[in-house]
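Visitor: A single structure is presented below for examination.
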Amino acid sequence: MEAKKLTAQEIVPASRKLGKDAAKKLASTAKKITVAKGKKIMAFTGGKNVSDEAIDNMLGPTGNLRAPTLVFKDQILVGYNEDCYSKVLLSQF
């Protein structure tokens, strides 16, 4: 992000727990949700009718929103996968 001079609008510390309700609220604001778990990449549609499967995949084993979670325009990236980040962020420049 620094190389492209991008800055975060909000950074939420790990001590602030964001559970299922927060994940659902966040997902309802996006058109596309991409969840990375290791090398496995899953894509979901966001919006008012976001699926329970999407919400469940956004959450980690403790029931909190997985980190990192990035909101970029109308997309949400959950978990870290370098290819996903590159595709979404770098394609904008």
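The values are calculated or read from the model by the stated rules, or taken from the named source; none is laboratory data. No experiment lies behind these values; they were computed from the predicted model shown. Positions of Cβ are generated from backbone atoms using ideal geometry, with glycine treated the same way; all protein chains shown enter the neighbour counts.
Visitor: Of the residues in segment 57-93, how many are under 12 Å from the mean Cα position of the chain (by Cα) and within 17 Å of LYS31 (Cα to Cα)?
Guide: Total satisfying the criteria: 15.
Visitor: Of all residues in segment 6-38 being within 23 Å of SER86 (Cα to Cα) and exposed (fewer than 11 other Cβ atoms within 10 Å of the Cβ), which is modelled with the highest pLDDT?
Guide: GLY38
Visitor: Now a separate question. Cβ contacts < 8 Å: first residue of a type outside the set (A, V, I, L, M), restricted to segment 19-31; second residue assigned to a helix (DSSP H, G or I), any location; separation 6+ or different chain. Result?
Guide: If the second residue must be assigned to a helix (DSSP H, G or I), the pairs left are LYS20/ILE55; LYS24/ILE55.
Visitor: Step by step: first the residues of segment 39-55, then only those that are assigned to a loop (DSSP other than H, G, I, E, B) and either touching a residue at least 24 places away in the same chain (Cβ under 8 Å) or among the aromatic types (Phe, Trp, Tyr) (or both), then the one that is surrounded by the fewest Cβ atoms within 10 Å (Cβ to Cβ). Which residue is that?
Guide: Step one: of segment 39-55, the residues assigned to a loop (DSSP other than H, G, I, E, B) are 39, 46-51.
This time we only want the ones that are either touching a residue at least 24 places away in the same chain (Cβ under 8 Å) or among the aromatic types (Phe, Trp, Tyr) (or both), so: 39, 46, 50.
On the way: LYS39: 7, GLY46: 19, VAL50: 21.
Here the residue is LYS39.
Visitor: Is it the case that segment 63-76 has a residue that's more than 23 Å from ILE11 (Cα to Cα), surrounded by fewer than 16 Cβ atoms within 10 Å (Cβ to Cβ) and basic (Lys, Arg)? Before you say what the answer is, go through the steps one by one.
Guide: Step one: list which residues in segment 63-76 are more than 23 Å from ILE11 (Cα to Cα), which gives none.
No.
Visitor: List the number of the failed condition for ALA3; all other conditions in (1) among the aliphatic types (A, V, I, L, M); (2) under 18 Å from GLY79 (Cβ atoms); (3) modelled with pLDDT under 95 hold.
Guide: Tallying (1) among the aliphatic types (A, V, I, L, M); (2) under 18 Å from GLY79 (Cβ atoms); (3) modelled with pLDDT under 95, ALA3 fails exactly one: (2).
Visitor: Taking the stated definitions as given, is ILE41 under 21 Å from ARG16 (Cβ atoms) and at pLDDT 90 or above? Walk me through how you get there before you give the answer.
Guide: Values: under 21 Å from ARG16 (Cβ atoms): no; at pLDDT 90 or above: yes.
The answer is no for ILE41.
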